[in-house]
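What follows is calculated from the coordinates using simple rules that are stated; it is not laboratory data. From a predicted model like this one, the values you see are computed outputs, not experimental measurements. Every residue, glycine as well, gets a Cβ built from its backbone with ideal geometry; the counts of neighbours run over all protein chains shown.
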Amino acid sequence: MLCLKNLILSRDGKKILTGVNLEVGDGEIHSIIGSNGAGKSTLAYTLMGLQGYEPEEGKIFFNGEDLTSLSITERAKRGITLAWQEPARFEGLTVRDYLAIGVQDPDKNLEKEIWGALEQVDLKPEKYIDREVGEALSGGERKRIELASILTMKPKLAILDEPDSGIDVVSLKEIVTLIQALKENGASVLVITHRKEIAEASDRASLMCEGAVLRSGNPKEISQFFINRCIPCDNRLYSLEDRS
Amino acid sequence: MTVKTLKVLSEDLKNIDSAYAAAGGNTAALHDHEVSSLVISGSKVLSANQTEGVVLEKEEQENGVNIKLTIKKGYKIPNPVHLCFGVVPEDGLQQINMDFVAEEASSVELIAHCTFPNAVKVIHKMEAKMHIGKNASLIYNETHFHGSYGGVQVSPKSFIKVEEGGRYLSNFTLVEGRVGCLDFDYDVAAEKDALCEMITKVYGKAEDRIKIKERISLNGENSRSVIKSRIALTEKASSEFIGITEGHAPQARGHVDCMEVIQDEAKAEAVPIVRVDNPLAKVTHEAAIGCVDKKEVETLMARGLEEDEAVDVIVKGMLA
Ligand SMILES: Nc1ncnc2c1ncn2[C@@H]1O[C@H](COP(=O)(O)OP(=O)(O)OP(=O)(O)O)[C@@H](O)[C@H]1O
Ligand SMILES: [Mg+2]
């Protein structure tokens, strides 16, 4: 369903994506792993079509259609959506209003959809639905709301940039359950993660290194490869910290 | 009263009712005997009702009305007092002079709607003196609706004195329709332990001109204040915001928070002024002017909204 062909992208004169090739199948949970600065978030933004992330070369195909020159909205209307690593704060917008935006089917019972999504991310709806998205929510709560807003959208491709960051260890399992719920609703999920638990719960994984996909395959093997081969690699920024 | 003038009056009432509704007012409240209310159209008082603890005096003038509204000592008024100031025709001058007193330990909420739905050339001037007595509390919500022609010139000026332990919370909203020309000037003096919060929310469009000046003097020990203003501007609208907080007493605490978003060719200027002459007082400020946050816009687009719809949701949220 998603097929990336040799994506190349620079920002401020610096080449960040150096030729990404990747395939994600229908209903597949695909995790992207790789060290800090490998270009994972950049790839997510490029897929969503954010301003300033227009590839110089390469193409993005989604169900056979070339998306490369489509706007964010046009991509969203085709069922693609993104949860940011650091979600935006919206002053004055309530959780209800925010989650309602994602509901694509106006005939749906909005309130029920929103309650359902909040319950799925383990936030008590009665406690959260009238709160402001921009105010006094903890980082973890805000991330959960972001995931709830993805759920209400019922996407075909959900791009999740580190849904696990800022979430306590106990809740990691819930994130896995959520990703599976998205899949059960018919979505493919591209999940960027630093957590083994999430990578290993996916159907396939890809390892990114210096702006390209180094290798794709079985998640256990890919994450083992990452640990064995990349960590000792002296070019890796993180390697110094991780080895100590 | 002749049948004819009665008929004219009921026609006026009908017009002002729909104008009031256009401004977001709850017309049922204007006809409820349990609710104190005052309805003014142009320079005519169309209806007035006072409930226990509320004394409402009014005097029609050539171009407006003088009002004295008193909340008697110790009375906590259960229902908000509704005020409606309107000019229904395309042009007119309305000068409202208001003398408001909340006597000691009283409490009340005022809901004022100023509505000029058809204005092409309307001038509305308000001069208010508000006195909030010891331990008294006033919540003052003022919502304006100026129609879609931009032909309104509004200048509300207020001097507010908040005595020891008093509370003054005001909320001025002008976000639907055009603004026209707004010259807002409020000046608050706060005594010991007084609490003041002033919120203004304005959405300027087309050629609207907005001037907002708010000043709070924290004169008494432990007096506290917040000035919060949210201004959104599109097209060729412009705004000038001056938020002044003065800390003159120990433990006085004040904060000025101004956030403005601009689009198109709009222009905004924000000047927070902080004056402190007591070493134990503390006043802070923050002001930000910028376009709508890009990440917020892109997040909503990634949920399926078009760019302009996304901007609209964000601006409305900020002004909610
Ligand atoms: N505007 C820019 N100009 C120059 N370099 C940039 C710009 N934006 C990002 N980069 C660089 O691109 C690289 C990839 O960044 P990206 O955020 O995609 O990494 P990541 O894989 O998501 O890392 P992390 O695991 O830390 O989230 C980084 O080295 C970053 O510094
Ligand atoms: Mg990242």
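Data table
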{"item": "Choice from A:T152, A:T73, A:T81 showing the highest fluctuation, given a GNM over chain A with Cα pairs closer than 10 Å", "result": "A:T73"}
{"item": "Amide H contacts of A:C209 (H built 1.01 Å from N, under 5 Å, at least 5 apart or other chain)", "result": "A:L214"}
{"item": "Charge dipole (debye, nearest 20) of chain B; +1 at Cβ of Lys and Arg, -1 at Cβ of Asp and Glu", "result": "520 debye"}
{"item": "Anchor A:K154: aspartates and glutamates whose Cα lies under 14 Å away (excluding residues fewer than 8 positions away in-chain)", "result": "A:D105, A:E113, A:E146, A:E184"}
{"item": "Reach of A:K196 by Cα under 18 Å, taken over lysines that are not fewer than 8 positions away in the same chain", "result": "A:K40, A:K173, A:K220"}
{"item": "DSSP beta bridge pairing in the protein assembly as shown, given as percent antiparallel to the nearest 5", "result": "20 percent"}
{"item": "DSSP H segments from chain B that extend 24 Å or more along their own axis, Cα-based, with Kyte-Doolittle mean of -0.5 or above", "result": "B:3-22"}
{"item": "GluC sites (Glu not before Pro) restricted to region B:62-163 and DSSP loop, no more than 13 other C-beta within 10 Å", "result": "B:E62"}
{"item": "Qualifying chymotrypsin sites (Phe, Trp or Tyr not before Pro) in region A:88-181, DSSP loop, other Cβ atoms within 10 Å at most 16", "result": "none"}
{"item": "DSSP bridge orientation in region B:16-120 - percent antiparallel, rounded to nearest 5", "result": "40 percent"}
{"item": "MRE, 222 nm, helices only [DSSP H, n ≥ 4, -39500 (n - 2.57), over chain B, to nearest 500]", "result": "-4500 deg cm²/dmol"}
{"item": "Most mobile listed residue (A:D105, A:D12, A:D97) in chain A, GNM with C-alpha springs under 10 Å", "result": "A:D12"}
{"item": "Residue-wise HN-Hα coupling along region A:206-216, computed from phi with Karplus coefficients 6.51, -1.76, 1.60 (Hz; x: Gly, Pro)", "result": "10, 9, 9, 8, 6, x, 9, 7, 7, 6, 10"}
{"item": "Alpha-carbon centroid distance for the pair region A:58-118 / region B:137-215, whole angstrom", "result": "37 Å"}
{"item": "Extreme residue, positive dipole direction of region A:1-124, given options A:Y98, A:P87, A:L7 (C-beta unit charges)", "result": "A:L7"}
{"item": "Sites A:N63 and A:D122, calculated FRET efficiency, Cβ-Cβ separation with R0 41 Å, nearest 0.05", "result": "0.80"}
{"item": "Coil-residue GluC sites (Glu not before Pro) of region A:1-96, DSSP, other Cβ within 10 Å capped at 12", "result": "A:E56"}
{"item": "Simple label model, 7 Å out from Cα along Cβ direction - A:D107 to A:K220, nm", "result": "4.6 nm"}
{"item": "DSSP beta bridges in chain B [antiparallel fraction, %, rounded to 5]", "result": "10 percent"}
{"item": "Lys/Arg +1, Asp/Glu -1 at C-beta; the protein assembly as shown dipole; positive extreme among A:C209, A:Q120, A:A136", "result": "A:C209"}
{"item": "Residue-by-residue Karplus 3J(HN,Hα) for region B:165-170, coefficients 6.51, -1.76, 1.60, Hz, glycine and proline x", "result": "x, x, 10, 10, 10, 10"}
{"item": "Placed amide H near B:V276: partners under 5 Å, 5+ positions off or other chain", "result": "B:G247"}
{"item": "Cβ-based charge dipole, region A:141-203, positive-most Cα from A:I145, A:I198, A:S165", "result": "A:I145"}
{"item": "For B:L46, residues with placed amide H under 5 Å, excluding near neighbours", "result": "B:V39, B:I40, B:S41"}
{"item": "Ellipticity estimate at 222 nm from DSSP helix runs (n ≥ 4, -39,500 (n - 2.57)) divided over chain A, nearest 500", "result": "-9500 deg cm²/dmol"}
